[in-house]
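Below is one structure, written out as structure tokens, with a few remarks after it.
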Amino acid sequence: MKRIMILLIFLLTGLYEAHACDICGCGVGSYYIGILPDFKKRFLGLRYQYKTLRSHLGPAGTTSYLTTDETYQTTELWGGWNIGKHFRVLGFVPVNFNSRENQGVTMSKSGIGDIAIIGYYQLLDKQQTILNSKLLVQSLWIGGGIKVPTGKYEPTERQENEDTPNNFQLGTASTDFTLNVMYDVRLMDFGVNTNMSYKINTANKYDYRYGNKFSANILAYYKFRVAEKMTVAPNAGILYETAVKDKEDKKYAVDISGGHSLMATTGIEATFGPISLGGNFQPVISQQLADKRIKAGNRGMVHLTYLF
């Protein structure tokens, strides 16, 4: 088991070193999963995500008349289906609401984003008793996915705003791919959940390629069984995202792109029979985006999901 995890980590981090990414976590390039609802067969629900970004910053984060505040909100239909004992499929259909404010003037756009689907294979499903008959449960899923260009991309955004990150889009106009790993280990009611994802982007028809992105999060949780069909699971952990530069005309690096961020995550998941309700808050611990000319704000997410 240790050899498998070490191999997967080396594969994903090695891939990151070899490629390029949009501004971490904002705009058109983020698919955060976190702790999935505890479902046996299928689930379907809605998620809402809120993210902010401040651009056109000067040295040491100083602001000027050019400084722009951007807000990215997403309402997302998401679902999952376990097929047999070893296969799982997740799907995401986002509707994006973007706004940008500069000197009291606000611009906004909204519409469907890029639809994504991820398939997983369960490589490990193990239960054993340790430490005086305490149950230890381990689960490892590996897989890959595809994101299709269903969201609107406006090339004029890049042409008219070359000193602004190319995130103010509903979609990327490109077909992109992901490599994914989910690992969960639980001793009785205490568990640790890990997700890693590597996103491989392709150039769109306008010769703009959002850089590839690596993200990883680890969450510790504890399940409190409040009633026969009700559990509450507070959780806390960290989320790391890293990126290098976007590419334009196949070879030119985009200065206002790339970087890395580290965020804390604290949240809660509750299940009431077939209903799952959860959310989290992600404050920034550290970041260095676009040579410090970009600053991302804290994030939040809530979901309401039906298990069946």
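The values are calculated or read from the model by the stated rules, or taken from the named source; none is laboratory data. Since this is a predicted model, take the numbers as computed values, not measurements. Counting neighbours? That spans all protein chains shown, and the Cβs are built from the backbone with ideal geometry, glycine included.
Inside segment 204-230, residues that are farther than 24 Å from Gly267 by Cβ, of a type in the set (Gly, Ala, Ser) and surrounded by fewer than 18 Cβ atoms within 10 Å (Cβ to Cβ) make up a count of 0. Checked against (1) over 21 Å from the mean Cα position of the chain (by Cα); (2) within 26 Å of Lys40 (Cα to Cα), Tyr252 passes all but a single condition, namely (2). Exactly one residue out of Thr62, Thr68 is at pLDDT below 95 and surrounded by 15 or more Cβ atoms within 10 Å (Cβ to Cβ), and it is Thr68. Of the residues making up segment 147-168, those that are in contact with a strand residue (DSSP E or B) (Cβ under 8 Å, 6 or more places away or on another chain), surrounded by 19 or more Cβ atoms within 10 Å (Cβ to Cβ), under 24 Å from Asn102 (Cβ atoms) and not hydrophobic (A, V, I, L, M, F, W, C) are Gly151, Arg158, Thr164, Pro165, Asn166, Asn167. Within segment 37-59, take every residue that is at pLDDT below 90 and surrounded by 13 or more Cβ atoms within 10 Å (Cβ to Cβ) and give me the one that is farthest from Arg293 (Cα to Cα). Here the residue is Phe39. Regarding segment 102-119, can at least one residue be identified that is of a type outside the set (A, V, I, L, M, F, W, C), surrounded by fewer than 16 Cβ atoms within 10 Å (Cβ to Cβ) and over 26 Å from Glu76 (Cα atoms)? Yes, there is a match, as at least one residue in segment 102-119 is of a type outside the set (A, V, I, L, M, F, W, C), surrounded by fewer than 16 Cβ atoms within 10 Å (Cβ to Cβ) and over 26 Å from Glu76 (Cα atoms).
A count restricted to segment 282-308 and to residues that are within 16 Å of Tyr72 (Cα to Cα) and of a type in the set (Gly, Ala, Ser) stands at 3.
To keep it simple, each residue is scored yes or no on (1) of a type in the set (Lys, Arg); (2) modelled with pLDDT under 95.
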{"position": "Gln138", "(1), (2)": "no, no"}
{"position": "Asn166", "(1), (2)": "no, yes"}
{"position": "Gly191", "(1), (2)": "no, no"}
{"position": "Asn212", "(1), (2)": "no, yes"}
{"position": "Tyr222", "(1), (2)": "no, no"}
{"position": "Arg225", "(1), (2)": "yes, yes"}
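Scanning segment 55-74 for residues that are assigned to a loop (DSSP other than H, G, I, E, B) and either in contact with a helix residue (DSSP H, G or I) (Cβ under 9 Å, 6 or more places away or on another chain) or not hydrophobic (A, V, I, L, M, F, W, C) (or both) yields His56, Leu57, Gly58, Thr62, Thr63, Ser64, Tyr65, Thr67.
For segment 176-198, the tally of residues that are touching a Ser or Thr at 6+ places or on another chain (Cβ under 6 Å), under 30 Å from Gly111 (Cα atoms) and among the hydroxyl-bearing types (Ser, Thr, Tyr) stands at 2.
The requirement of being surrounded by 20 or more Cβ atoms within 10 Å (Cβ to Cβ) and aliphatic (A, V, I, L, M) is not satisfied by Ile275.
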